[in-house]
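Written below as structure tokens is the structure these notes are about.
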Amino acid sequence: MSYEFSNFGRRLGCGSGIGELMDDLGHALASGGPDLKMLGGGQPARIPEMESVWRRRLEDLLEEPGGIDRALTSYDPPNGNPKFIKAIATLLREQFGWNITPENVGITSGGQTAFYFLFNLLAGEMPDGTRKKILLPLVPEYIGYADQGHGPDLFRAVRPIIEEEGAHGFKYRVDFDKLEITPDIAALCASRPTNPTGNVLTDDEIRHLSDMAKAHGIPLIIDNAYGAPFPGILFSDINPHWDEHVILTLSLSKIGLPGARTGIVIGPPQIIRALGSISAIAGLSNPNIGQQVALPLIESGEILRLSKEVVGPFYLEKSRLARQAAEEAFGDDIAWRMHRSEGALFLWFWFPGLPITSMELYQRLKQREVLVIPGHYFFFGDDDQDWKHRHECIRVSYAMDEAVVRDGLRIIAEEVRRAWKEG
Ligand code: PLP
């Protein structure tokens, strides 16, 4: 027996390119042996100091009067726990001097859910029958956005300027000459730091984007899953940005609590109220364990110290070791470039002129038990398949053990060399 699905069901309930890839990665991981090198996922690293913080907090919750009730046995209001929301507003006001009140803060079940709600709230089919889109000022951009639209073609993307740096480096820059906000654009959106590239939009780029959005009366969404003030996986010296038309998202995932599913949205009260309404309809309320575990760390500001002194330096060192391993593995005999690592958990490699596509490279690497993500998935919103660059890149996570990353990079270099030899 097979049932007919609605348009919604067909779009979201019948799989997607990235869903299939994740399934493929998952099966390879499940059936792989001890030599498998999982460099494909977005799983944050296990940081012993952070794990002991969470353990202590769980013990405290067990002992505090009412601790377990707040964390597990009650429904929070749909917008999140009022004490947690107040603590976030206070932290951002005190840390950055932003004019934020609890009305500007809403909680969702993870950042991913926040984007699903935000994109479909602002873009798609409008009451007058026209369709609006989310404009990505720079691709490659976070793969997790790609299939979130209830309708088709939710995104329009602008190709970046590629600035080559030295023999093997590069950095993407927003091409403002090509960035145009047409009447069918509902919002701008960018992750900062960017998954997959580790790029961090400069303060100038962000100011420019913010001014453009403001002038057109649309929001600028900044996805801060890796950024400041937490988790602080940010290696370049930039300032966080907020304004009354900015929607900033944060998450507890990359500081070490991905299982707690806690997304935090800072934005105009109208947007926050709408998110609360959608949360109530879609899920009644949000998981509260993450909010209760993190609450005292946010109230005391300890989360800032942990981000700055533990999480940020941990990833910076891992990035340094991975970049060094890449230099050694790829050497000077093949064409390769690595995006400047300014944050997030990934290295983004570009193999200019590679005779095979990144998808073929992915398959070959999988045969050798190295799992990466082929780059073309990150170029959604730009359909031009003739742009070779989109098939010449891969994303490699460096969050795993150093030996695993090093071995993985060595095998990637071997496969790239083999591809060149075969011509
Ligand atoms: N945004 C970016 C850029 C991400 O990389 C991720 C997860 O990897 C998310 C949002 C969603 O994270 P979560 O739903 O765990 O908060």
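The values are calculated or read from the model by the stated rules, or taken from the named source; none is laboratory data. Everything quoted here is computed from the prediction, not taken from an experiment. No Cβ is skipped: glycine too gets one built from the backbone with ideal geometry, and neighbour counts run over all protein chains shown. Keep in mind that these areas ignore ligands, DNA and RNA; they rest on the heavy atoms of the full protein, side chains included. Shrake-Rupley method; radii C 1.70, N 1.55, O 1.52, S 1.80 Å.
The slack in the chain from ILE334 to ARG417, taken as 0.36 nm per residue of separation less the alpha-carbon distance, amounts to 29.2 nm. Amide H contacts for ASP382 (H built 1.01 Å from N in the peptide plane; partners 5 or more residues away or on another chain; cut-off under 5 Å): ALA157.
Taking every DSSP helix (H) stretch of at least 4 residues in the chain, weighting each as -39,500 (n - 2.57) and dividing the sum by the residue count yields a mean residue ellipticity at 222 nm of -12500 deg cm²/dmol. Computed 3J(HN,Hα) for segment 399-416, one whole-Hz value per residue from the Karplus formula 6.51 cos²θ - 1.76 cosθ + 1.60 where θ = phi - 60°, is 7, 7, 4, 4, 5, 5, 5, 4, 4, x, 5, 4, 5, 4, 4, 4, 5, 5, glycine and proline marked x. Around ALA123, under 12 Å between beta carbons, what's the net of Lys plus Arg minus Asp minus Glu among the other residues? My count for the surroundings of ALA123 gives +1. On the basis of the beta-carbon distance and an R0 of 30 Å, GLN270 and LYS308 show a calculated FRET efficiency of 0.35.
Label separation (PHE5 vs GLU103): 4.1 nm, computed from points 7 Å beyond Cα along the C-beta direction. The phi torsions of segment 197-208, fed into the Karplus equation with coefficients 6.51, -1.76 and 1.60 and a -60° offset, translate into couplings of 8, x, 5, 10, 4, 6, 4, 4, 4, 5, 4, 4 Hz, rounded to whole numbers, with Gly and Pro shown as x. Between THR182 and GLU63, the FRET efficiency estimated from the beta carbon spacing at R0 = 56 angstrom works out to 0.45. Between the Cα long axis of helix 48-63 and the first principal axis of the chain there is an angle of about 20°, rounded to the nearest 10. For the pair HIS216 and SER74, the difference between a 0.36 nm per residue extended length and the Cα-Cα distance amounts to 46.9 nm.
Taking ALA186, ALA114, ALA71 as the candidate residues, the one with maximal mean-square fluctuation in a Gaussian network model of the chain, Cα springs under 10 Å, is ALA71.
Split the accessible area of segment 276-423 by element, probe 1.4 Å, and carbon with sulfur accounts for 52%.
Measuring nothing but protein heavy atoms, the accessible surface of segment 4-100 at 1.4 Å probe radius is 53 percent carbon and sulfur.
The mean accessible area for residues of segment 70-304, using a 1.4 Å probe and ignoring ligands and nucleic acids, is 37 Å² per residue.
In plain terms, the chain from GLU125 to GLU51 could stretch by 22.3 nm, reckoned as 0.36 nm per residue minus the Cα-Cα distance. Residues of segment 367-395 with amide nitrogen under 15 Å from the 7 Å Cα-to-Cβ point of GLU402? Within reach of a label on GLU402: no residues. Structural descriptor for the chain: relative contact order 23 percent, calculated from alpha carbon pairs under 8 angstrom and at least 6 residues apart.
Taking every DSSP beta bridge that has both ends in the chain, the antiparallel portion is near 60%. Structure remark: mean-square fluctuation, Gaussian network model of the chain, C-alpha springs under 10 Å; the largest value among SER210, SER358, SER236 belongs to SER236. Summing charges over neighbours of MET22, with a neighbour being any other residue whose Cβ is under 15 Å away from its Cβ, gives -2 when K and R count +1 and D and E count -1. Karplus-derived 3J(HN,Hα) values for segment 293-309, using 6.51 cos²θ - 1.76 cosθ + 1.60 with θ = phi - 60°, are 5, 8, 3, x, 5, 7, 4, 8, x, 4, 4, 6, 5, 4, 5, 6, 9 Hz; glycine and proline are entered as x. Applying 1/(1 + (r/R0)^6) with R0 = 22 Å to the Cβ-Cβ distance of ARG410 and ARG320 gives a FRET efficiency near 0.80. Filter the trypsin sites (Lys or Arg not before Pro) in segment 130-196 to those in DSSP coil with at most 15 other Cβ atoms within 10 Å of their Cβ, and list the result. In loop regions of segment 130-196 (DSSP not H, G, I, E or B), the sparsely surrounded trypsin sites (Lys or Arg not before Pro) are LYS178.
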